[in-house]
Amino acid sequence: MKRFLAALSGVLLAVSVATVEPRLAVVVLVLAAIGLWFRIAAVCAVLVVVGLIAFADVDLVVCAAAGLVATTYLLNSATVTAPAGVVPTTIPSVVGALFFSGCAVAVASVPLDLPYAPLAAPVLVLVLSALVLLGVAVRRNGSVPTPPTAPATSVEPQPDAKSADEPTTAER
């Protein structure tokens, strides 16, 4: 079943490329087919799609759809040779992919004309994602991570020095 889903998402990846540049669709289809056995070919297929989207004047919805298909293809092709029981497309992975695609479309549709925005956007996305993940992260034992604090300086009463009159426990 994993191989079928990987092959299907590879074909969908090639179809998403064919809507923009039909000649590159053949290259992506061949790389996607080889990617079922060699992961580097799967990554190359996705990089061809990313390069095409970067250099072509593509609509936002096409970009989002290609990104979702590329995510699905990488998830499924990476687990083709995984042991039984490994499920690549879980509810959190699908929700995450849809959420970040929606965020990308929303941000890209805002009419901003800043010259350095394309350079700052990936860094900002990584920083915000890290902050969200740190806020959600829970340690394995279920406790929430707390920042280290300085050692408390409390004044403890010093034990009274024994007088010479009192016998020690050895003398009793």
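Run the numbers for Val26 and Phe4: contour at 0.36 nm per residue of separation, minus the present Cα-Cα distance, in nm.
Result for the pair: 6.0 nm of gain on full extension.
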Phi-based couplings in Hz for the range 28-40 (Karplus 6.51, -1.76, 1.60; Gly and Pro marked x): 5, 5, 5, 5, 5, 5, 5, x, 5, 10, 10, 5, 5
Simple label model, 7 Å out from Cα along Cβ direction - Ala130 to Val107, nm: 1.5 nm
Phi-based couplings in Hz for the range 98-114 (Karplus 6.51, -1.76, 1.60; Gly and Pro marked x): 5, 5, 5, 5, x, 4, 5, 5, 5, 5, 6, 7, 6, x, 10, 10, 9
Phi to ³J(HN,Hα) by Karplus 6.51 cos²θ - 1.76 cosθ + 1.60 over the range 120-129, Hz, x for Gly, Pro: 7, 4, x, 5, 5, 5, 5, 5, 5, 5
For the range 1-54, average projected area of the Cα convex hull in nm²: 3.1 nm²
Phe100-Leu114 pseudo-label distance in nm [points 7 Å out on the Cα-to-Cβ vector]: 2.1 nm
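Every read-out reported here was derived from the displayed coordinates using simple, explicitly stated rules and does not represent laboratory data. Keep in mind that what you see is a predicted model, and the values were worked out from it rather than measured. Backbone-built Cβ (ideal geometry, glycine too); neighbour counts: all protein chains shown.
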